[in-house]
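The block underneath contains the structure these notes are about, expressed in structure tokens.
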Amino acid sequence: MENEDIKNNNSLVVIDKKEESFAKGNNFYKIFWVFMFGCLFGYFYEVALHFVKFGEFVERRGVIYGPLNPVYGFAMALMIIILGNVKKTRNIFLIGTVLGGAFEYLCSFLQEKMFGSISWDYSNHFLNINGRTTIPFAIVWGILCVLMIKIVLPYLSKLIEKVPNKVGYPLTWVMVIFMVYNLSISSLAANRNLERHKGIPANSEIDRVLDKHFPDEKMREIYDNFEFTN
């Protein structure tokens, strides 16, 4: 009888033991899927914003493939990395305001230096900083950080952790490879677009492939809101 009890107890232990989620805590897998959520959210947010302002539907993608805007994805990833363990709402708001403004400024700066173009110009806005961001927009970033950390991320985190490990692990790496390729080809196409704008001819097979598949018309269709700088 005693042996049977031990067997039963052992069986209960095995049955009750729960496999730890592939995205437990703020690990790489969790951060990556938060990044993907941000990419998708950014696309729909930009499309909706443009529709409200101008009454027309225009795609506002950040990469060549898919309804994705990586600027928002990286912003979301930074939120969970930097603000994920911050408890006080006031601190989340203050840090988010500074980081949000700095992040927007940096994205504008890098785009101009790397690809010779800008996607937004706030030069005519109140309290703007070199036309790349504004103090009011930075405050909006702070508010968004509070909403994301306090409301959206806890729910999103639980949703991600519900994905079975046998699905979560391979799917994550498939999407990582896809996004690395997507970002790489998008960067190459944007750089070649700048070279064509400067009158630089195709000097390699890669240049000729980019010219064929991503001509100026295609790039304008994908990146509707960018403008070249002098």
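The values are calculated or read from the model by the stated rules, or taken from the named source; none is laboratory data. Small disclaimer: the values here were computed from a predicted structure and weren't measured. As a convention, Cβ positions derive from the backbone with ideal geometry for all residues, glycine included, and neighbour counts pool all protein chains shown. In case anyone asks, the SASA skips ligands and DNA or RNA and just uses the protein heavy atoms, side chains included. Shrake-Rupley method; radii C 1.70, N 1.55, O 1.52, S 1.80 Å.
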Amide H contacts of Ser117 (H built 1.01 Å from N, under 5 Å, at least 5 apart or other chain): Glu112, Thr229
Segment Glu19-Phe54, extension gain: residue separation times 0.36 nm, minus the distance between their alpha carbons: 7.6 nm
Portion, in percent, of the accessible area of the chain that falls on carbon or sulfur, probe 1.4 Å: 64 percent
Two-site label geometry, Asn91 and Leu106: point separation in nm, points 7 Å out along Cα→Cβ: 2.1 nm
When the convex hull of its Cα atoms is projected in every direction, mean area for the chain (nm²): 17.9 nm²
Solvent-accessible area per residue for the range 13-131 (1.4 angstrom probe, square angstrom): 59 Å²
Cα-based shape type of the range 22-137, given that a ≥ b ≥ c are square roots of the gyration tensor eigenvalues and the cut on a/c is 1.5: oblate
Relative contact order of the chain, pairs being alpha-carbon contacts under 8 Å that are 6 or more residues apart, as %: 23 percent
Part-to-part distance (alpha-carbon centres) for the range 128-168 and the range 19-80, which is given in Å: 9 Å
Whole-number accessible area per residue in Å² for the range 151-208, which is evaluated in the context of all protein chains at 1.4 Å: 64 Å²
Difference of contour (0.36 nm per residue) and Cα-Cα distance, Asn203 to Lys150: 13.9 nm
Amide hydrogen neighbours beyond the local backbone of Phe22, cut-off 5 Å, H modeled: Asn165
